[in-house]
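Engineer: This is the structure I have questions about; it appears just below.
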Amino acid sequence: MLRSEETTENRLRIREGFVWDAQDAYLFDIDGTLLRSRDRIHFNAFASSAKEAAGFEISLTGMVLHGGTDTAILAEAFALAGIERERWEPKAEAILDTMRETVVGRRGEMQLWTMPAVEETLKHLAGRGALLGLATGNLELIGWTKVEEVGLREWFRFGGFSDRFEVRAEMVAHAAAKAREFLPEKPDASICVVGDTPRDIEAARANGLPVIAVATGNYSYETLAALEPDLCAESLAVLPGVLL
């Protein structure tokens, strides 16, 4: 059963019995959840790195990127370009290295901004003793760079990234395992995923984890709520207790 507390602008729906700020650990997505970008540095790095590192022409045009992992996006772009996996995969690490170097080398040009009440939410959860980590489709170096650029690095003790995982659910499983390593005294620790896409919800469910969905990315509140996450909110700002 869902409990709704909805107004025109601050919609919030919570599964009955789910206490959003009483979990032992939280795994936050980055893009669309913690922050967004006005630049195309990361986006453009896929095609430019494939060309520079391996001589392949690829494009992300027409692809659904939101909630995807960098490694899966790269694989899909090659498939759409008709380039067989056995041709590009031996050069994959060189391409990914070039992506990392390209994005980090242009960090000063990034145009990032944080989503509403992000820092207040992190402070609230940390104040309640929660362990905070990342679970993102970004490559690790790129993900940490974005988080550092908006001044949020201090809140996160670890992260799950896509360097070794094309499948988001596998990346989330890895991040959850790392969270449990930080909480050896709590073998049954409750770990909650926080994201802004249907893929975040699917990955959480694949791992048997509760999930908070926020409509601050490219998916509407209605789209996310229809998937019945444990909590669905217009933004982090409407979570009970965050903005007092």
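The values are calculated or read from the model by the stated rules, or taken from the named source; none is laboratory data. Quick caveat, the model's predicted, so the values are computed rather than measured. For neighbour counting, all protein chains shown are included, and Cβ atoms are generated from backbone atoms with ideal geometry for every residue, glycine included. Accessible surface areas use protein heavy atoms only, side chains included; no ligands, DNA or RNA. Shrake-Rupley method; radii C 1.70, N 1.55, O 1.52, S 1.80 Å.
Engineer: Just to be sure I understand the filter: pairs with C-beta atoms under 6 Å, separated by 6 or more residues or on different chains, first member in the range 27-45 and within 27 Å of Arg157 (Cβ to Cβ), second member in a loop (DSSP other than H, G, I, E, B) and open to solvent by less than 10 Å² (accessible area, probe 1.4 Å). Which pairs pass?
Structural biologist: Phe28/Leu34; Asp29/Thr136; Ile30/Thr136; Ile30/Asn138; Gly32/Asp196; Thr33/Asp196
Engineer: Please give the number of the condition Ala94 fails out of (1) small (Gly, Ala, Ser); (2) more than 30 Å from Ala213 (Cβ to Cβ); (3) surrounded by 17 or more Cβ atoms within 10 Å (Cβ to Cβ).
Structural biologist: (3)
Engineer: Here's another thing I want to ask about it. Are any of the residues in the range 203-219 open to solvent by 30 Å² or more (accessible area, probe 1.4 Å), of a type in the set (A, V, I, L, M), more than 13 Å from the chain's Cα centre (by Cα) and within 19 Å of Thr69 (Cα to Cα)?
Structural biologist: yes
Engineer: Show me the strands (runs of 3 or more DSSP E) found entirely inside the range 7-48 where at least 1 residues are farther than 26 Å from Asp188 by Cβ and open to solvent by 60 Å² or more (accessible area, probe 1.4 Å).
Structural biologist: Correct list: 12-15, 35-37.
Engineer: Related question: Check whether at least one residue in the range 155-178 is of a type in the set (Lys, Arg), surrounded by fewer than 17 Cβ atoms within 10 Å (Cβ to Cβ) and within 30 Å of Asp97 (Cα to Cα), and report yes or no. Working first, answer last.
Structural biologist: Here is the first cut: in the range 155-178, the ones of a type in the set (Lys, Arg) are 157, 164, 168, 178.
Adding the requirement that they be surrounded by fewer than 17 Cβ atoms within 10 Å (Cβ to Cβ) leaves 157, 164.
If we keep only those that are within 30 Å of Asp97 (Cα to Cα) too, we end up with 157, 164.
Among the residues of the range 155-178, at least one is of a type in the set (Lys, Arg), surrounded by fewer than 17 Cβ atoms within 10 Å (Cβ to Cβ) and within 30 Å of Asp97 (Cα to Cα), which makes the answer yes.
Engineer: Looking at Gly55, is it farther than 22 Å from Trp113 by Cα and either open to solvent by 20 Å² or more (accessible area, probe 1.4 Å) or not hydrophobic (A, V, I, L, M, F, W, C) (or both)?
Structural biologist: yes
Engineer: List pairs: first residue in the range 129-146 and free of Cβ contacts under 8 Å to residues at least 24 places away in the same chain, second residue surrounded by fewer than 23 Cβ atoms within 10 Å (Cβ to Cβ) and among the basic types (Lys, Arg) anywhere in the structure, Cβ distance under 9 angstrom, at least six positions apart or on different chains.
Structural biologist: Glu140/Arg100; Trp144/Arg153
Engineer: Identify, by number, the condition in (1) part of a helix (DSSP H, G or I); (2) within 27 Å of Gly133 (Cβ to Cβ) that Glu86 doesn't meet.
Structural biologist: Here Glu86 clears every test but (2).
Engineer: Restricting the search to the range 43-90, which residues are among the polar types (S, T, N, Q) and either in contact with a Cys (Cβ under 9 Å, 6 or more places away or on another chain) or under 21 Å from Glu140 (Cα atoms) (or both)?
Structural biologist: Asn44, Ser48, Ser49, Thr69, Thr71
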